[in-house]
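The structure appears below as structure tokens.
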């Protein structure tokens, strides 16, 4: 009887030790990376801002990585909606760079705290919610954890109709010349028979030259 009790106790001790050791070895991406999503809005223009923080010694890969790279890029995907449209691509800070000699691969990654930004144009006058998915893979100097994704949502305020209709009321066909402004002070230029909105911080002369030389226009 005593031998049976001793064997059973020994079995329990070994089992508890094994379970504790196994749990101590498990690592989860959400333990290494924290995130919050907020909105910066100015009229019918808004920016979805993801503040991403990685614990010490851990990193995530850049959003924009070289084509053919084996690394898994970080991404922020917004669910499509008639209430808004995306403006341009995700904006990220300049990533760290290093060359992995073992894999003969260029690595672009972020560490510490960064902000990812996606600009949008608001198309309606009612408040609404944008839902999206944030995905990443996190690694340290020795290993990577499995890819991870999580849902998020942010609230957006609608824009008064008279402000939404400014661009629609502008009749470019009646304009004599290659420069104009709408009643809101937004500047437009015409290049190769097409009208373009001049981004803030650019002069009309510079932007016309930029477009005429093949510069890319992002609506």
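The values are calculated or read from the model by the stated rules, or taken from the named source; none is laboratory data. Just so it is clear, the model here is predicted, and its values are computed rather than measured. All Cβ positions, even for glycine, are placed from backbone atoms using ideal geometry, and neighbour counts span all protein chains on display.
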Exercise. Of the conditions (1) part of a strand (DSSP E or B); (2) crowded, with 16+ Cβ neighbours inside 10 Å, residue 124 fails just one. Which one is it?
Worked result: (1)
Seminar exercise, completed: Selection over region 16-53 where residues are more than 30 Å from residue 159 (Cβ to Cβ) and either modelled with pLDDT of 50 or more or surrounded by 13 or more Cβ atoms within 10 Å (Cβ to Cβ) (or both) yields a count of 11
Problem set entry | Residue match in region 76-94 (condition: touching a helix residue (DSSP H, G or I) at 6+ places or on another chain (Cβ under 8 Å), under 17 Å from residue 149 (Cβ atoms) and at pLDDT 90 or above) | no
For this session: Name every residue in region 26-54 that is in contact (Cβ under 8 Å) with a residue 24 or more places away in the chain, out of contact with any strand residue (DSSP E or B) (no Cβ under 6 Å at 6 or more places or on another chain) and assigned to a loop (DSSP other than H, G, I, E, B), in order of residue number.
Result: 27, 28, 43
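Is there a residue in region 197-206 that is within 24 Å of residue 49 (Cβ to Cβ), touching a strand residue (DSSP E or B) at 6+ places or on another chain (Cβ under 7 Å) and modelled with pLDDT of 85 or more?
Here is the first cut: in region 197-206, the ones within 24 Å of residue 49 (Cβ to Cβ) are 197, 199-202.
Applying the additional criterion that residues be touching a strand residue (DSSP E or B) at 6+ places or on another chain (Cβ under 7 Å) yields 197.
This time we only want the ones that are modelled with pLDDT of 85 or more, so: 197.
Yes, there is a match, as at least one residue in region 197-206 is within 24 Å of residue 49 (Cβ to Cβ), touching a strand residue (DSSP E or B) at 6+ places or on another chain (Cβ under 7 Å) and modelled with pLDDT of 85 or more.
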Exercise. Among the residues of region 159-173, is there at least one that is at pLDDT 95 or above, exposed (fewer than 13 other Cβ atoms within 10 Å of the Cβ) and either within 30 Å of residue 82 (Cα to Cα) or in contact with a helix residue (DSSP H, G or I) (Cβ under 6 Å, 6 or more places away or on another chain) (or both)?
Worked result: no
Exercise. Any residue at all in region 103-119 that is modelled with pLDDT under 95, within 23 Å of residue 66 (Cβ to Cβ), assigned to a loop (DSSP other than H, G, I, E, B) and more than 18 Å from the chain's Cα centre (by Cα)?
Worked result: yes
Exercise. Within region 143-158, how many residues are assigned to a loop (DSSP other than H, G, I, E, B) and farther than 13 Å from residue 84 by Cα?
Worked result: 4
Problem set entry | Among residues of region 120-143, those that are closer than 20 Å to residue 71 by Cα and touching a strand residue (DSSP E or B) at 6+ places or on another chain (Cβ under 7 Å), counted | 7
Exercise. Filtering region 73-91 down to residues that are in contact (Cβ under 8 Å) with a residue 60 or more places away in the chain and under 13 Å from residue 134 (Cα atoms), which residue is surrounded by the most Cβ atoms within 10 Å (Cβ to Cβ)?
Worked result: 74
